[in-house]
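All of the numbers you see were taken from the coordinates with simple rules; none came from a lab. Source: prediction; values computed, not measured. As a convention, Cβ positions derive from the backbone with ideal geometry for all residues, glycine included, and neighbour counts pool all protein chains shown.
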Amino acid sequence: MRITDFTLDAPQEEFREAIDKTTDMLMELYAGLEKAPAFRMRDKAYLEGIFSGPMPVNGEETYRILEQVEQEILPNITMNIGPYFTGYVVSCSSQPGFLGDMISSFLNQNATKWHLGVAAAEMEKLVIRWLKEFLGIRADSNGILVSGGSAANLTCLTVARRMKAKFDINRDGIFSHPPMRIYASSEVHHCVVKSAQMLGIGETNVKIISVDDRMRMNTDELEGQIRKDLDQEFHPFCVVASAGTVNTGAIDPLEKISAICRKYNLWFHIDGAYGGLAASLDPAVSEPFSSGLALADSIAVDPHKWLFVPFEAGCALFKRPDDSRVTFSHIPDYLAGDTSEGSFRKDFMEHGFQLSRNFKALKIWMLFKAHGAGKLKQAIEHDILNTRYFTSLIRQSSNFEIMAEGPLSVICYRANPAKLNQTEEELETLNKRLIECIEQDGRVFITGTKVNGKTVLRSCFVNHRTQEHHLIHIFDVLEELLQNLLEVTGQKEVIS
Ligand SMILES: Cc1ncc(COP(=O)(O)O)c(C=O)c1O
């Protein structure tokens, strides 16, 4: 029997045309970022009109598919790549990062076993060293790239649990063990709680420690809670400090927490997913905390946040060379590697949960090569300065007030028109409605959160494309939407 020739590939010329068409389409979008709204509200019927249809049985021409992408997908993206986006901790990405992702997707390397992607494995070791150097800590290659901050924290806490359990938890499970406890501040990112749920530690065994007036963990309370738990025969094993909380950018007292960890033999983990990379800055610009990072057993950092690498790129860093391998190595026959003495091969599959892994290192490598550490630090600094400027605009307005200010690039504020003398209840309603109006309007992207139980607007700047005039625009839109809202509720006359 003869097998007929078969491939899914189009002829090379056709493929090149498709790439050229894709480039044109993206360049047009890129050229229009300044004018594009940050968000377009769509209703269910409209979206169902686009995102429906039967599974295609027969294929269609690539250029037709690209036309659909242009007409139906591009108008429905959220413009976090543009200058008016201040929601969550979502960066605008970068040109070298995009190119790295594109190349890595074409090459389709599986960064799992060394021989499946030699350049990928060696480059991952290299960029981990660079990331550590950028953070000002011992620059070695103990770490692994993962999908993002949640995955990095889960990876680190899995290692912490394995290394601090009083027996082989990988073999025996958690069942014959007194409950293990994690300590974190009330401002900790929820991925730490989710990690505890997934690791069988349980949410009730994440002991939440209160914060001071700058939203930093109270270390006296931390130590008190650890002692109490030891008396009650729990097994305290890990403290999670935040180097840049998601809500306000607060940095926990890292040195003090490290000393407590040493005293009670606990794992010291730092969630630096958002703020960790600011440790690279000159102390004159940002609160110095890189010496604190050097004390950690593990750190989560996110190149897809404040290094402007496109999604997904997180990183789990470890102090000791073998901890991640001891935790994750599990090798079936078909994946056995080179065990010869002195082998320099690193199989990343042994250092994390994932087996198949894409070539994330390339986009980080290209970013460092293109800009150098100096320019990347400047970009982070630019965001901090933007935040300070935006804060000054808010502060000057008699319609808004600052609700929490941190050392990094987040600012929390709320509408509180001085002349209206509103009660707390009225302010809650006003600010919740304002957040809805901002989304409906779409010109700028600002989300809400709570600070000390009060609804606030929150802006986070991790965007090298945002300049002073964009900040003024964002602020003007805010004022305008507030005025409109007050007009609807018949209160505008009082403040205008
Ligand atoms: C402090 C902190 N930790 C963890 C995360 C989770 O990161 P990711 O969204 O990449 O999973 C975030 C996200 O904003 C964060 O700010």
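Screening region 1-36 for residues that are part of a loop (DSSP other than H, G, I, E, B) and among the charged types (D, E, K, R) and picking the one that is farthest from GLU439 (Cα to Cα) gives ARG2.
Going through region 338-356 one residue at a time, which ones are away from the ligand (no atom under 16 Å from the Cβ) and either buried (at least 16 other Cβ atoms within 10 Å of the Cβ) or within 30 Å of VAL89 (Cβ to Cβ) (or both)? It would help to see each step written out before you state the result.
Step one: list which residues in region 338-356 are away from the ligand (no atom under 16 Å from the Cβ), which gives 338-351, 355-356.
Result: LYS346, ASP347, PHE348, MET349, GLU350, HIS351, LEU355, SER356.
Condition check for VAL309 on (1) β-branched (Val, Ile, Thr); (2) within 14 Å of the ligand (Cβ to nearest atom); (3) over 19 Å from GLY148 (Cα atoms): one failure, at (3). Remark: pairs (first residue in region 348-377, of a type in the set (D, E, K, R); second residue surrounded by fewer than 24 Cβ atoms within 10 Å (Cβ to Cβ) and assigned to a helix (DSSP H, G or I); Cβ separation under 7 Å; 6+ apart in sequence or on different chains) = GLU350/ARG325; GLU350/PHE328; LYS363/ASP101; LYS363/SER104; LYS377/SER280. Give region 371-408 a look and list any residue that's on the phi > 0 side of the Ramachandran plot and among the β-branched types (Val, Ile, Thr), or say none. Residues satisfying the conditions do not exist here.
Between PHE318, PHE359, PHE348, PHE328, which is touching a Ser or Thr at 6+ places or on another chain (Cβ under 9 Å) and over 22 Å from GLU133 (Cβ atoms)?
Numbers: PHE318 fails: over 22 Å from GLU133 (Cβ atoms); PHE359 fails: over 22 Å from GLU133 (Cβ atoms); PHE348 fails: over 22 Å from GLU133 (Cβ atoms).
Within the list PHE318, PHE359, PHE348, PHE328, the selection yields PHE328.
Condition check ((1) touching a residue at least 40 places away in the same chain (Cβ under 8 Å); (2) surrounded by 10 or more Cβ atoms within 10 Å (Cβ to Cβ); (3) not hydroxyl-bearing (Ser, Thr, Tyr)) across all residues:
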residue	(1), (2), (3)
ASP5	no, no, yes
ILE19	no, yes, yes
THR22	yes, yes, no
ARG40	yes, yes, yes
ALA45	no, no, yes
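May I ask you to say which residue of SER291, SER258, SER242 is part of a strand (DSSP E or B) and among the small types (Gly, Ala, Ser)? Unique residue meeting the criteria: SER242. Contact map, region 267-296: residues that are touching a residue at least 24 places away in the same chain (Cβ under 8 Å) and over 22 Å from VAL89 (Cβ atoms) paired with residues that are in a loop (DSSP other than H, G, I, E, B) and more than 16 Å from the ligand (Cβ to nearest atom), Cβ distance under 6 Å, separation 6+ or inter-chain. Pairs shown: TRP267/ASP297; PHE268/ASP297; ALA294/ILE137. There is at least one residue in region 126-135 that is touching a Cys at 6+ places or on another chain (Cβ under 7 Å), within 16 Å of the ligand (Cβ to nearest atom) and assigned to a helix (DSSP H, G or I).
Each row is one residue, and each column tells you yes or no for (1) touching a Ser or Thr at 6+ places or on another chain (Cβ under 8 Å); (2) more than 15 Å from the ligand (Cβ to nearest atom); (3) closer than 24 Å to PHE308 by Cα.
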position: ALA139; (1), (2), (3): no, yes, yes
position: ASN153; (1), (2), (3): yes, no, yes
position: LYS164; (1), (2), (3): no, yes, no
position: TYR183; (1), (2), (3): no, yes, no
position: LYS194; (1), (2), (3): yes, no, no
position: ASN205; (1), (2), (3): no, yes, no
position: ASP231; (1), (2), (3): no, yes, no
position: GLY244; (1), (2), (3): no, no, yes
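Considering ARG64, ARG42, which residue is touching a helix residue (DSSP H, G or I) at 6+ places or on another chain (Cβ under 8 Å), of a type in the set (Lys, Arg) and more than 16 Å from the ligand (Cβ to nearest atom)?
Going through ARG64, ARG42 in turn, the sole match is ARG42.
In this structure, ALA284 does satisfy being of a type in the set (A, V, I, L, M, F, W, C), over 20 Å from SER185 (Cα atoms) and surrounded by fewer than 19 Cβ atoms within 10 Å (Cβ to Cβ). Filtered by the rule that a residue be assigned to a helix (DSSP H, G or I) and crowded, with 21+ Cβ neighbours inside 10 Å, region 208-239 gives LEU222, ILE226. Among the conditions (1) assigned to a loop (DSSP other than H, G, I, E, B); (2) in contact with a helix residue (DSSP H, G or I) (Cβ under 9 Å, 6 or more places away or on another chain); (3) surrounded by 20 or more Cβ atoms within 10 Å (Cβ to Cβ), VAL188 misses just one, which is (2). Only one of the numbered conditions (1) farther than 30 Å from LEU471 by Cβ; (2) surrounded by fewer than 10 Cβ atoms within 10 Å (Cβ to Cβ) is violated by LYS35, and that is (1).
Being outside any helix (DSSP H, G or I) and either in contact with a Leu (Cβ under 6 Å, 6 or more places away or on another chain) or among the β-branched types (Val, Ile, Thr) (or both) is the requirement here; does THR112 meet it? Yes; evaluated as a whole, the condition is true for this residue.
Has region 103-122 got any residue that is in contact with a helix residue (DSSP H, G or I) (Cβ under 9 Å, 6 or more places away or on another chain) and closer than 30 Å to GLY249 by Cα? No: region 103-122 contains no residue that is in contact with a helix residue (DSSP H, G or I) (Cβ under 9 Å, 6 or more places away or on another chain) and closer than 30 Å to GLY249 by Cα.
Would you be able to tell me the number of residues in region 37-50 that are assigned to a loop (DSSP other than H, G, I, E, B) and under 28 Å from the mean Cα position of the chain (by Cα)?
Start the filter on region 37-50 by keeping residues that are assigned to a loop (DSSP other than H, G, I, E, B), which leaves 37-43.
Pick out the ones that are also under 28 Å from the mean Cα position of the chain (by Cα) and you get 37-42.
So the count comes out to 6.
Every listed requirement among (1) touching a residue at least 40 places away in the same chain (Cβ under 8 Å); (2) within 17 Å of PRO236 (Cα to Cα) is met by LYS194 save one, (2).
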